[in-house]
């Protein structure tokens, strides 16, 4: 889960960028960048609870209702823990699927599969998708609420408040994510315990100061759990309030714990070693009892996952990110040697995203094909891929999500988990007959289906408890009152759809059932002892059910795949900070000689202290048995009856969770859910206030310039009743259900900033920026002014962007004033160029990687000599259409792409009006390819060029580099002398070793070759408190030319018998790239070369990222 917040020192810069960007603006005017595609048109509604406005798409009411109840209960729990009441309503936007989530217009960043939720700070909006798992959904809701809670508590709920109040408080990532995890997990949980065990034993737990990325989640959670266990849970709330009181994180820790963060970090690190090192003697390292088939330390990447063994058992397919992106490989089960890469993921529309969180690979029974479920465009689909020819066949099935695919033993059907809105069900699909059948058809979360050898039944994991007959689920069943955190495994008869419960481990999670060929033995994964291990269930010679572990692993085990003959099982395990695939031979013959594994220290604490650490608290659930439903459990012949399963451990989370990379409130202050889920009558009678700062335009559009209200943090019991933000009316139906309201466009400020002064020389100066948008980000208005002396010398612009459809539209009006000096060697004159113009733009994303965009603009430009007033003012008007096709499937590194290809083909021009008009047509190409040599080493080739034709062709000038600080011009001036040059002259860059405007013409071509490599991972100065990270080196060769007359172009010629360059410019050199005070800084040394000798060096200092 991600939260988008910014240090106060960079807020003004971010505000300016925000004003000048926006999705449509960025995509329409940027040369490159991948796309967010609205594959569908959303029909939005919303409902209101006491503290939240919950927005949902058509058909998503059930998920919004679930969210409403869960988030209000989470807020009650959080407010009691932290002793703070929020001051502003929090908007929550719920998406029916992750694919819908990726189409949001609130956050411009693409939401990759690992992002399970987002909280942003412009309007303090929470965005959450449902991904077919209610426990995960609950966790994300609670996690993201903590971020919004902190935004309200410390920042007043908006960036605008940070700027206006000059708030400088910022939090390290381990604090925000760790606190969100410890609140939403109610302490520690098994997944974090297993992760920290591996990190501690293999000595890669970083100090808090350097903790980032995924480690910030797990490490931060572990740190705060340690503080709660050692000093008391109440201290976490005291800490939060002390940080608010002192405005500083370090001082908050000192006041609460009388120790610095560094000292507490030291104590935590010591605690981890004492807790985990003692387990080395009682458990086995996975490398000691299983064969390692992949090695992330050698091959690169950190995820080798989703193994599926071939029918013959000699090969296996798996997903890996060893080449940066997630791809599908086939390897040998004998030694792990990779035989071929069968799918390159994440770089084409057909294979846009592999489902790394939920394994979606299956072999056909004959071993000729692999089935895979993945995201392709606006939906999940299933592909069948021939492993030899790599030919593929597509099966689009119209689901919000498809995962856990399996292939029937006769090869005629698929099984998979398909999600439609709030229902994740088990389906089978007849491949030849193209018939789809829903086997479970209820609200419960099903996963991990595995076919029995006879093809008559399917084993699967579910949170359904005793609800084995969907017809007996009560009509008034409320998922938010049910304990959906449990996972057991079940069997369903395909013909009768009868479901049999096969396990009853109340507090353990069990998954990945694998059955031997005659159905008499089962392997499965369980975290009964606190670590995910493999267990065997069978009958002994007397008919007694035996349920015992076959591994005693120190490392967590996940994702089982059993060979057809039962002689080999593959699995994934966390190993030294990465996930690798291992094999275990003859698993059904393994006997450890023990019936139960020793509990981990964490599991013991849960058992001994009534689940105090790690178990959810203050959430009241109704068990499935309380619904008076017959508890159908398999008989003895099913081998799986065991009502006394070990009841230790809770809330364990699998590998899928990792990849997903806060004054007391009285009961009457919160939603009071009775037996029928109705709300407190006091809420219904409250009346919402209005404000005349809100202007309405018709029934569907309004604009508010009111900034969020903020209230004292000292409010106690009745705080919410004195806050008009929480006064509602007409938000419930007579039966107590939420009233569905139509979404209406209401503009409100995202950012309002202004500054003005007066000087004797310049007179009045002022800068103002305003950004407005609706709640969903579909409609955006930007206003910017920069006043200098008078409006003739000033810049001002207003823009509107329309984003809810697949095609994004932009409309802008603007005025700019620019001042240039040029003339003769004797006299220089100051000229002012004023441009009054506007444009209409459109961007059509074909896919995530391709788009078409265009614009039609009108410019009226005046040129006047400010030194000689009698010189006539020159004016010209131009119409400027352009059209571009853009492709970009690159993967970004620290400062630039490291792999993939991007290109931009643009056609532009200006039709000639009248005798003084300008007429031309131009075509431009920019092609870039990035080749990863090894980790952090990238070779880049770029070819760019352009050609302009017509009576007044465009002029291109080459030489120099982008954003050159204190540049040198070839003729001591900018290459602009008239309106035509001002409007249409364009640089071709970089061409290092030369001055700006070294050569110009109506055509140009440049080739850039670069080798990029790391210089210093960290560079720390002893005398100064300065440090730099990820300093990069680059060696380059640039070559190019510009010309107008094809016949006159002569790249090389002979000079005194030697071949030298003529119209060809060549330069070579090296440089460094670093981030300096938040700015991308570049330093280059270059020599031009004429095939005979090198010039003296030329130095370039510039800002910006590598191309």
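Values in this text are rule-based calculations from the coordinates and carry no lab data. Only a predicted model underlies this, so the values are computations on that prediction, with no experimental measurement involved. Neighbour counts are summed over all protein chains in view; Cβ atoms, including those assigned to glycine, are modelled from backbone coordinates with ideal geometry.
Cα centroids of the stretch 412-462 and the stretch 875-929: 49 Å apart. Maximal additional length on extending the residue 284-residue 589 stretch stands at 108.0 nm, based on 0.36 nm per residue less the C-alpha distance.
What FRET efficiency, computed as 1/(1 + (r/R0)^6) with R0 = 51 Å and r the Cβ-Cβ distance, is obtained for residue 1058 and residue 214, rounded to the nearest 0.05?
Details: r = 59 Å, r/R0 = 1.15.
Between residue 1058 and residue 214 the formula returns 0.30.
May I ask you to sort 31, 770, 388 by Cβ crowding, counting other Cβ atoms within 10 Å and putting the fewest first? Don't skip to the answer; put the middle values down first.
Working: 31 15, 770 18, 388 10.
Ranking 31, 770, 388 by Cβ neighbours within 10 Å, fewest first, gives 388, 31, 770.
Based on C-alpha pairs under 8 angstrom that are at least 6 apart in sequence, the stretch 1016-1107 has a relative contact order of 22 percent. Each of 403, 334, 235 was scored by other Cβ atoms within 10 Å of its Cβ. Listed from fewest to most, they are 334, 235, 403.
To the nearest 0.05, what FRET efficiency results for residue 262 and residue 202 with a Förster distance of 22 Å applied to their C-beta separation?
Values: r = 23 Å, r/R0 = 1.05.
After rounding, the FRET efficiency stands at 0.45.
Shown for the stretch 171-281 is the translational diffusion coefficient from the Stokes-Einstein equation, using the Kirkwood radius over Cα pairs, a temperature of 20 °C and a viscosity of 1.002 mPa s: 153 µm²/s.
In percent, what relative contact order does the stretch 171-281 have, based on Cα pairs under 8 Å that are 6 or more apart in sequence?
Reported as a whole number, the value is 29 percent.
Calculated [222 nm] ellipticity per residue, helices only, for the chain: -5000 deg cm²/dmol; basis is -39500 (n - 2.57) per DSSP H run with n ≥ 4, divided by all residues, nearest 500.
Send over the Kirkwood Rh of the stretch 1015-1107, from the inverse of the averaged 1/r over different Cα pairs, rounded to one decimal Å. When all Cα pairs of the stretch 1015-1107 are included, the Kirkwood radius is 16.0 Å. Computed with the Debye formula from one identical point scatterer per Cα of the stretch 484-600, without solvent, the log10 of I(q)/I(0) at q = 0.23 Å⁻¹ comes to -1.53. Averaging 1/r over each pair of different alpha-carbon atoms in the stretch 336-412 and inverting the result gives 12.9 Å, the Kirkwood hydrodynamic radius.
Calculate the translational D of the stretch 286-632 in whole µm² s⁻¹ from Stokes-Einstein, where the hydrodynamic radius comes from the Kirkwood formula applied to all Cα pairs, the temperature is 25 °C and the viscosity 0.890 mPa s. If you can, show how the numbers build up before the last one.
Numbers: Rh = 21.0 Å.
Reported coefficient: 117 µm²/s.
How big, on average over all directions, is the shadow cast by the Cα convex hull of the stretch 292-359, in nm²?
On the way: hull surface 18.5 nm².
Result: a mean projected hull area of 4.6 nm².
Across the stretch 539-582, the convex hull enclosing all Cα atoms gives 92 Å³ per residue.
Consider a paramagnetic label point 7 Å from the Cα of residue 302 along Cα→Cβ; state which residues of the stretch 194-209 have an amide N under 13 Å from it. Answer for the stretch 194-209: 195-196, 199, 204-206. The tail of the calculated P(r) for the stretch 52-176 beyond 25 Å holds 22 percent of all Cα-Cα pairs. Values of log10 I(q)/I(0) for the stretch 882-926 across q = 0.20 Å⁻¹ run -0.71, by the Debye formula with one identical scatterer at each alpha carbon and no solvent. Using a Förster distance of 35 Å, how high is the FRET efficiency between residue 398 and residue 929, based on the Cβ-Cβ distance and rounded to 0.05? It comes to 0.45. Note on the stretch 889-1103: along the principal axes its Cα atoms extend 66, 47, 34 Å, ordered by decreasing extent.
Hey, could you get me the Stokes-Einstein D for the stretch 227-283, Kirkwood radius over alpha-carbon pairs, 37 °C and 0.692 mPa s, rounded to whole µm² s⁻¹? Walk me through the numbers before you get to the answer.
Numbers: Rh = 12.5 Å.
Result for D is 262 µm²/s.
Normalised by the number of residues in the stretch 286-632, the mean separation of alpha-carbon contacts (under 8 Å, six or more apart) gives a relative contact order of 14 percent. The distance separating the Cα centre of the stretch 296-312 from that of the stretch 506-559 comes to 22 Å. What share of all Cα pairs of the stretch 909-1034, in percent, falls into each consecutive 10 Å distance bin? Binned Cα distances yield the sequence 11, 29, 27, 19, 10, 3, 1.
Hey, could you grab the Kirkwood Rh for the stretch 345-500? Inverse mean 1/r over distinct alpha carbon pairs, Å, one decimal.
On the way: mean 1/r = 0.0615 Å⁻¹.
Kirkwood radius, the stretch 345-500: 16.3 Å.
Computed from label points 7 Å out along Cα-Cβ, the spacing between residue 952 and residue 339 is 6.6 nm.
Evaluated over the Cα positions of the stretch 827-872, the convex hull gives a direction-averaged projected area, one quarter of its surface, of 5.4 nm².
Available extension along the chain between residue 1101 and residue 870 is 79.1 nm, counting 0.36 nm per residue and deducting the alpha carbon span.
Modelled spin labels at residue 830 and residue 1094, positioned 7 Å past Cα toward Cβ, are 4.3 nm from each other. Principal axis extents of the C-alpha atoms in the stretch 777-828 (largest first, rounded to whole Å): 58, 24, 13.
Averaged over residues, the count of other Cβ atoms within 10 Å places the peptides 88-98, 1074-1084 in the sequence 88-98, 1074-1084, highest first. No solvent, one uniform scatterer per C-alpha: report log10 I(q)/I(0) for the stretch 76-147 via the Debye equation at q = 0.20 1/Å, two decimals. The Debye formula, applied to the Cα set alone, gives -0.85.
Model label sites at residue 819 and residue 274, defined 7 Å from Cα along the beta-carbon direction, differ in position by 6.9 nm.
Normalised radius of gyration for the stretch 977-1042, please: alpha carbon Rg relative to 2.2 N^0.38 Å, two decimal places.
On the way: Rg = 18.6 Å, N = 66, 2.2 N^0.38 = 10.8 Å.
The value comes to 1.72.
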